[in-house]
């Protein structure tokens, strides 16, 4: 495989991983229902849940440019859940 193609595939994987971590709002929502004390230690846990709900239930009105901006702004440093002492 050409080097340029490998680079693009790597970029796709990195972007998908970042989106997956942020859209784990479903899991955070379930965690909050079962153990709110732990969920509340996750930075911006309410925003994660809300963002997930908008993506899932409001997909027809979601602006992909805004979504990507949220992903880049919030996940550029390794993700919301990857901070020491969160869980």
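The values are calculated or read from the model by the stated rules, or taken from the named source; none is laboratory data. Since we're looking at a predicted model, the values are computed, not measured. For neighbour counting, all protein chains shown are included, and Cβ atoms are generated from backbone atoms with ideal geometry for every residue, glycine included.
What residue, among those in region 3-42 that are assigned to a loop (DSSP other than H, G, I, E, B) and modelled with pLDDT of 85 or more, is surrounded by the most Cβ atoms within 10 Å (Cβ to Cβ)?
Selected residue: 42.
If you scan region 62-87, which residues turn out to be modelled with pLDDT under 80, out of contact with any helix residue (DSSP H, G or I) (no Cβ under 7 Å at 6 or more places or on another chain) and over 18 Å from residue 16 (Cβ atoms)?
Scanning region 62-87 gives 83, 84, 85, 86.
How many residues, within region 44-75, are assigned to a loop (DSSP other than H, G, I, E, B) and surrounded by 12 or more Cβ atoms within 10 Å (Cβ to Cβ)?
Number satisfying all stated conditions: 2.
In region 56-71, what count of residues is obtained for those that are free of Cβ contacts under 8 Å to residues at least 40 places away in the same chain and under 11 Å from the mean Cα position of the chain (by Cα)? Write out each step before concluding.
At the first step, the residues of region 56-71 found to be free of Cβ contacts under 8 Å to residues at least 40 places away in the same chain are 56-69.
Next, from what is left, pick out any that are under 11 Å from the mean Cα position of the chain (by Cα): 67-68.
Total meeting the criteria: 2.
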